[in-house]
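Asks: Let me begin by handing over the structure; questions about it come next.
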């Protein structure tokens, strides 16, 4: 399979949401034009993104919403459950434990880590908080595949290093720092300012237009 | 000015981060190729994105990192301070109050709202929590321009409706629901599952390759 761009994968996530939403509304068929319009992109982009993964839908008939959603779920690996560890049980960490969307999409938080002695040994949502000293044992026991990094910037790199040594290959990083990792490891950064900057741009353009 | 795509704006945010990072490292000049490589895109894309906003840098000499960062900051409206309201002081809300990156980028949380009688009147980080009954007064007093929605899905639409009536035109929505708003209002959705789905795709492809 040829290399697919990050932006195509990100748009597939968006199409997945659009289709789930349409299915919830009882809609059975959708065209690439409709998917495009909902997401403010061109229908050519939608068709190109889907074409990387084979042929979906029938010319002139559009896509069956359920079939297309299931096929995208397969491409994105959302048909299986993923075991996730959360490192850093501060405010962001606690918010993520409660974030129902993760579980809905198949991402199950199975282990918590924090090095604060006041937190180690406590339970949140039925999960015990472990010290990072026992990281490899817990990763092995809980078959952890993805780690969410919600620790302060100054310890984020060492936390990732420890987890990489235990064989974890996928990271979602909330710390405002660029993480270095081997080539066979993927680190995605969650930066909540990016969407705010799009709003800032929108308001700035509006002011200029006034 | 012609209509700029959301993905161009999002990449400008990324370039802004890349440049800030290079400046922190003491690097004074950068080429479109280097910006492209750091962000895993093509240099043609970088040049195209920047070309919408005029001519930056000198052919063969690359860009001055500080100048380009400042110009992108101007385009994105990051040279000014934005007054932000946060609605919903639960776990996500509390995490956002502490999220230092917002302030660093010029987004200042100036007002908190929550309808929980136990929370109304309390203070967090020097900010009083208001009931939504007084929303328009507080929005006016604090000159609120952007609202972050961190309330449960079932009340998110009505919260946005109230704020739109008070003149707020930009929203960052954390509730897992599609918000309807007038054409002159922008709603960006923060969905923390999207990055996890990119990791899921990466791990799925790796498994297939094994």
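Asks: Kindly indicate whether residue A:91 is more than 30 Å from residue B:152 (Cα to Cα), out of contact with any strand residue (DSSP E or B) (no Cβ under 7 Å at 6 or more places or on another chain) and either free of Cβ contacts under 8 Å to residues at least 60 places away in the same chain or not assigned by TED's automatic domain parsing to the domain that holds residue A:186 (or both).
Replies: No: the conditions fail for residue A:91.
To keep it simple, each residue is scored yes or no on (1) modelled with pLDDT of 95 or more; (2) buried (at least 21 other Cβ atoms within 10 Å of the Cβ); (3) in contact with a strand residue (DSSP E or B) (Cβ under 7 Å, 6 or more places away or on another chain); (4) more than 8 Å from chain A (Cβ to nearest Cβ).
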residue: B:145; (1), (2), (3), (4): yes, yes, yes, no
residue: B:170; (1), (2), (3), (4): yes, yes, yes, no
residue: B:176; (1), (2), (3), (4): no, no, no, no
residue: B:180; (1), (2), (3), (4): no, no, no, yes
residue: B:187; (1), (2), (3), (4): no, no, yes, yes
residue: B:190; (1), (2), (3), (4): no, no, yes, no
residue: B:196; (1), (2), (3), (4): no, yes, yes, no
residue: B:204; (1), (2), (3), (4): no, no, no, no
residue: B:209; (1), (2), (3), (4): no, no, no, yes
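Asks: Same structure, new question: Mind checking which residues of region B:111-146 are out of contact with any helix residue (DSSP H, G or I) (no Cβ under 8 Å at 6 or more places or on another chain) and farther than 17 Å from residue B:162 by Cβ?
Replies: B:117, B:118, B:119, B:121, B:122, B:123, B:126, B:128, B:143
Asks: Here's a follow-up. Which one of A:68, A:50, A:86 is in contact with a helix residue (DSSP H, G or I) (Cβ under 8 Å, 6 or more places away or on another chain) and in the same structural domain as residue A:153 (by TED's automatic domain parsing)?
Replies: None of the others qualify; the one that does is A:86.
Asks: Kindly provide the set of residues from region A:83-100 that are buried (at least 22 other Cβ atoms within 10 Å of the Cβ) and assigned to a loop (DSSP other than H, G, I, E, B), ordered by number.
Replies: Scanning region A:83-100 gives A:88, A:89.
Asks: Further question on the same structure: Of everything in region B:54-65, what is in contact with a helix residue (DSSP H, G or I) (Cβ under 8 Å, 6 or more places away or on another chain) and either at pLDDT 85 or above or assigned by TED's automatic domain parsing to the domain that holds residue B:159 (or both)? Give them in sequence order.
Replies: Of everything in region B:54-65, those that are in contact with a helix residue (DSSP H, G or I) (Cβ under 8 Å, 6 or more places away or on another chain) and either at pLDDT 85 or above or assigned by TED's automatic domain parsing to the domain that holds residue B:159 (or both) turn out to be B:62, B:63, B:65.
Asks: Test of understanding: among A:80, A:103, which residue is within 14 Å of another protein chain (Cβ to nearest Cβ) and in a helix (DSSP H, G or I)?
Replies: Criteria check complete, one pass: A:103.
Asks: How many residues are surrounded by fewer than 24 Cβ atoms within 10 Å (Cβ to Cβ) and facing chain A (nearest Cβ under 8 Å) when one looks only at region B:106-122?
Replies: 1
Asks: Just give me the residues in region B:56-77 being within 14 Å of chain A (Cβ to nearest Cβ) and either in contact (Cβ under 8 Å) with a residue 40 or more places away in the chain or outside any helix (DSSP H, G or I) (or both), in sequence order.
Replies: Hits for region B:56-77 are B:69, B:72, B:73, B:75, B:76, B:77.
Asks: Where residues in region A:156-168 are surrounded by fewer than 16 Cβ atoms within 10 Å (Cβ to Cβ) and part of a loop (DSSP other than H, G, I, E, B), which of them is nearest to the other protein chains (Cβ to nearest Cβ)?
Replies: Taking the candidates together, the pick is A:167.
Asks: Check region B:186-201 and report whether any residue there is touching a helix residue (DSSP H, G or I) at 6+ places or on another chain (Cβ under 9 Å), touching a residue at least 24 places away in the same chain (Cβ under 8 Å) and assigned by TED's automatic domain parsing to the domain that holds residue B:92.
Replies: Scanning region B:186-201, I find at least one residue that is touching a helix residue (DSSP H, G or I) at 6+ places or on another chain (Cβ under 9 Å), touching a residue at least 24 places away in the same chain (Cβ under 8 Å) and assigned by TED's automatic domain parsing to the domain that holds residue B:92, so the answer is yes.
Asks: Still on this structure, I have one more. How many residues are within 13 Å of chain B (Cβ to nearest Cβ), part of a helix (DSSP H, G or I) and more than 21 Å from the chain's Cα centre (by Cα) when one looks only at region A:39-55?
Replies: 1
Asks: Next question, about the same structure. Output the residues belonging to region A:126-143 that are part of a loop (DSSP other than H, G, I, E, B), in contact with a strand residue (DSSP E or B) (Cβ under 8 Å, 6 or more places away or on another chain) and surrounded by fewer than 16 Cβ atoms within 10 Å (Cβ to Cβ).
Replies: A:131, A:143
Asks: Is it true that residue A:138 is touching a residue at least 12 places away in the same chain (Cβ under 8 Å), away from chain B (no Cβ under 14 Å) and more than 22 Å from residue B:202 (Cβ to Cβ)?
Replies: For residue A:138, the condition - touching a residue at least 12 places away in the same chain (Cβ under 8 Å), away from chain B (no Cβ under 14 Å) and more than 22 Å from residue B:202 (Cβ to Cβ) - is met.
Asks: Can you pull out the residues in region A:1-26 that are loosely packed, with under 13 Cβ neighbours inside 10 Å, more than 8 Å from every other protein chain (Cβ to nearest Cβ) and in contact with a helix residue (DSSP H, G or I) (Cβ under 8 Å, 6 or more places away or on another chain)?
Replies: none
The values are calculated or read from the model by the stated rules, or taken from the named source; none is laboratory data. Owing to the predicted nature of the structure, the values given are computational and were not obtained by experimental measurement. Ideal geometry is used to build each Cβ from the backbone, glycine not excepted, and the neighbour counts take in all protein chains shown.
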